[in-house]
Protein chains: 2
Amino acid sequence: MRCLVLGASGFIGTHLVASLAGLGHQVIAYGRSFRDKDTNIKYIIGDFSNENRWNEILSGVQVCYHLISTTVPKSSNDDPIADVTGNIIGALQFLEAARKKNVRIVFTSSGGTVYGRINSDSIDENHATDPLCSYGITKLAIEKYLLLYRELHGVRSVVLRIANPYGEGQQPDAIQGAVAVFMGRVLRGHTIDIWGDGSVIRDYIYVQDVVRAIIAASEYGGKVNVFNIGSGAGVSLLELLGMIEQVTSKKADIIFHPSRSFDLPRNVLSIAKAQQELRWTPEMPMIEGLKKTAIWMQKTLNEAV
Amino acid sequence: MRCLVLGASGFIGTHLVASLAGLGHQVIAYGRSFRDKDTNIKYIIGDFSNENRWNEILSGVQVCYHLISTTVPKSSNDDPIADVTGNIIGALQFLEAARKKNVRIVFTSSGGTVYGRINSDSIDENHATDPLCSYGITKLAIEKYLLLYRELHGVRSVVLRIANPYGEGQQPDAIQGAVAVFMGRVLRGHTIDIWGDGSVIRDYIYVQDVVRAIIAASEYGGKVNVFNIGSGAGVSLLELLGMIEQVTSKKADIIFHPSRSFDLPRNVLSIAKAQQELRWTPEMPMIEGLKKTAIWMQKTLNEAV
C-alpha cells in the first residue's frame, strides 16, 4: 500500500514511518527536514501551512496519516491567528486536494487538550469539548472539517485523540512532553520544577502503542469517527518521577512552586471504544516503556557530549 | 451605555441598533454599508475580515454585539478557507483588541447549524456539535475562542445559538431566510420549490424576540456561557406556507422535488436555559409575527415597483 505520513520527521511520525516500512508498505515521508534517511522511503520536504503541491504529493496515495501541528499547546495561546492559519487553513488546503482522490485519512488530535476542564474521572469521546488552549480549538475544528468532508464528499477518515505519548526519540529539550523533559533533567542531574504538589494526574502512552493504534485506525472499516487513544490509567507527576528515578537509578531533585490555575488536576481517557472497534489495546507496561526510553536517552546524551 | 453593534446593517443588526437607541444607549453601528442613517447613531463602515482600527473603534465601548458572518450556511461549503479567514481570523483580530478593553461581548451563533445531525426531539446546549456545513464549524470555533478568552483574559461573553429568525427587514431575494423568501414569492405569485414532502420541521423566531434575547444576554451576570434562542416550537414547511397563505390571502404555488440528503428532518431548540437564566421568553405568536412581516413586505414590494 502507498502511504503518506505528514509530520514524518516528528516524534510519532518517525516511529510510524519505520513501522509502515517494516510492514512492507511504500512510504512517502513529508516533513520540514530529515536527518537520517532510509533508501526505501521517499522523502518530501515542505511547509504544511503553505503547500501547493498536494495534487502531485497525493498521487496514488491510499492512506494519509496527518500528524502535523505547527504549534504546541503551551505557546498556541500566544498567537491564535498563526495557529488557525497554520493548522486549520493548512488542513483545508490538504483536504481540498484529498477529496478529489480516493485517500483514507487518519488524523492525530489531542486527548489532552480538546476536552478542556474535565467533569468525569474517565473521559469518553462524548465528553464536552471546551479547550483551554488554542491548540485544542484548532484540533477540534480540523476534526469537524474531517466529519464534514466525509458527509459532503465521502472522504473516509478516523480521528485519534491521543493522550501524552512518550518513548524513544522524544527530545528532552523540546517544549512539550513531560516524560522526556523530566527524564532528561534527571539523567543530567538538573533540578525539576513542579507547580503544585505533584498530584496532577495524566495519561501517558508508549509511542509504539500509539503507532499500532494509528495503523489499526487506517484499516478500520466501521462507522465510528473519533477514538480516544491512551493507556486508560492515570499517573501522577510524583509517581512518574518515582518511576523515572527507578529506571535511571538517579534521584530527582524537585523544586516545588505554587500551583497554576490552568493546570487541570486530572486527565485520563476512556479507551473502551478504541478497544472494541479497533481491536487495539495498549500493551507496554509503563515501567518497561520508561526503561526503553531511558536507555535510548542515556545513549543520546552520551553521544551529544 | 456605549454599545458597538458589529453587523449593524444586517437583518438582526438593524433591529438591534434601533432598540438600543430607543433604550437611550449611545450606539456605534459597524457594517459594510448603510442606507438609512439616524443622527443619534455613529456609523462606521468597514470590512470585518480586514479591520485594523479595532483599538480606536472599541474605545470607551462597554458592550459589543458581534452579529457578523461573512458567509451563509448554504454556500459556506464552497470555500471553507474563505469562511475560516473571514470569520475565525476576523473574530480573533477583534478579540485580541477587545481583551485589552473592559468590554462585554454577545455573539450570535447558529442554532440551526452548530448541532448538525439531531439525535433528540428538543436540542439542548449539551447536544453533540458536528456541523454539516463550514458555517457551523466556524461559528463553533468562535464560540470556543470566546470561552478561551474568558479563561485566559477574563473577557466576559455570552453566546446565543439562534434558530431561524424572521420579521420585517428580512430580504425576500436573499440567499437565506425561508420565511422571507417564501413570502416574497407568494406575494409576487411566483412558484415555490420544495425538496421532499414539506414535512421538514424548523424553529422560527420573530426578530424582536431575538433582539430582546440579545439585550438580556448583554445584561446577564450569571455563569452560563451558551444559550439556545428559539421559539421552542417546531413548524413544518407546509405549516409555514399555510400560515403565509393565511396572512397574505394568496395561494402558494408549490413545486415538489425529490428530497435532498442534507436537509435534516427536524431542528427545534430547547430554550429552557435561556428562559431560566436570562429571564427571557419568546412572546410573538408566529401568525402575528408573519402578519407584521407580510405588511412590511407588501409595502416594500409596492415601493420597488
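All of the numbers you see were taken from the coordinates with simple rules; none came from a lab. For clarity, every value in this text was computed on a predicted model and none was experimentally measured. Neighbour counts run over all protein chains shown; Cβ positions are idealised from the backbone, glycine included.
Using a label position 7 Å from Cα in the Cα→Cβ direction, what is the ascending list of nm distances from A:HIS190 to the same site in the other copies?
Distances between equivalent label points, in nm: 6.8.
Which lysines have a Cα less than 22 Å from the Cα of B:LYS37, not counting those fewer than 8 places away in the same chain?
Those lysines meeting the cut-off are B:LYS299.
Taking Cα pairs under 8 Å and at least six residues apart, what relative contact order does chain B come out at, in percent?
The value is 17 percent.
After finding the eigenvalues of the alpha carbon gyration tensor for the range B:133-249, what semi-axes result from the square roots of 5 times each, listed largest first in whole Å?
Its equivalent ellipsoid spans semi-axes of 34, 15, 12 Å.
For chain B, what is the Kirkwood hydrodynamic radius in Å, using each pair of distinct C-alpha atoms?
Result for chain B, one decimal place: 19.9 Å.
Given the rule -39500 (n - 2.57) for each run of at least 4 DSSP H residues, summed and divided by the residues of chain B, what is its mean residue ellipticity at 222 nm, to the nearest 500 deg cm²/dmol?
Result for chain B: -11000 deg cm²/dmol, rounded to the nearest 500.
Over the Cα atoms of the protein assembly as shown, what Rg and Dmax result, in angstrom?
According to the Cα coordinates of the protein assembly as shown, Rg and Dmax are 26.8, 89 Å.
Percent antiparallel among DSSP beta bridges with both residues in chain B, to the nearest 5?
Counting DSSP beta bridges with both partners in chain B, the antiparallel share is about 5 percent.
So for the pair A:ASN50, A:GLN298, with labels modelled 7 Å out along Cα→Cβ, what separation do we get in nm?
4.4
Shortest first and in nm to one decimal, what separations exist between A:GLU245 and its copies in the other chains, measuring from label points 7 Å along the Cα-to-beta-carbon line?
Values, ascending and in nm: 8.2.
Compute the acute angle (0 to 90°) between the alpha-carbon long axis of helix B:11-22 and the principal axis of greatest extent of the alpha-carbon atoms of chain B; round to the nearest 10°.
60
If a/c stays under 1.5 just call it rounded; otherwise compare a/b with b/c (prolate if a/b is bigger, oblate if not). Do that for the range A:105-186, with a ≥ b ≥ c from the square roots of the Cα gyration tensor eigenvalues.
The shape class here is prolate.
Take the alpha-carbon centre of the range B:167-188, take the same for the range B:252-270, and report the distance between them in whole Å.
The range B:167-188 and the range B:252-270 have Cα centres separated by 17 Å.
Please report, to two decimal places, log10 I(q)/I(0) for the range B:1-118 at q = 0.10, 0.12, 0.13 Å⁻¹ as given by the Debye formula with identical point scatterers on the Cα atoms and no solvent.
So the normalised log intensities work out to -0.31, -0.44, -0.52.
State, in angstrom, two size descriptors of the range B:54-212 derived from its alpha carbons: Rg to one decimal place and Dmax to the nearest whole number.
17.3, 55
For helix A:286-304, report the angle its Cα long axis makes with the longest principal axis of the Cα atoms of chain A; keep it between 0 and 90° and round to the nearest 10°.
The answer is roughly 90 degrees.
How big is D, in µm² s⁻¹, for the range B:19-62 by Stokes-Einstein at 25 °C and 0.890 mPa s if Rh is the Kirkwood radius over C-alpha pairs?
211
Please find, among residues of chain A, the one with the beta carbon closest to the rotation axis relating it to chain B, distance in whole Å.
A:ALA141, 2
Pairs of Cα atoms under 8 Å, at least six residues apart: use those to get the relative contact order of the range B:99-215, whole percent.
Relative contact order of the range B:99-215: 27 percent.
Per residue and in cubic angstrom, what volume does the convex hull of the Cα atoms of the range B:178-305 have?
118
Which whole-number percent gives the relative contact order of the range A:1-100, counting Cα pairs below 8 Å spaced six or more residues apart?
In percent, rounded to a whole number, it is 30.
Using all alpha carbons of the range A:233-284, what is the percent of pairwise distances in each 10 Å bin, ordered from the shortest bin to the longest?
18, 33, 30, 17, 2
Once each part is reduced to its C-alpha centroid, what is the distance from the range A:1-30 to the range A:43-112 in angstrom?
15
From the square roots a ≥ b ≥ c of the eigenvalues of the alpha-carbon gyration tensor of the range A:119-163, which class results: rounded (a/c under 1.5), prolate (a/b over b/c), or oblate?
Prolate, since a/c reaches 1.5 and a/b exceeds b/c.
Rounded to whole Å and sorted largest first, what semi-axes of the equivalent ellipsoid does the C-alpha gyration tensor of the range B:180-226 yield via the square root of 5 times each eigenvalue?
35, 15, 6
Per residue and in cubic angstrom, what volume does the convex hull of the Cα atoms of the range A:60-135 have?
Dividing the Cα hull volume of the range A:60-135 by its residue count gives 105 Å³.
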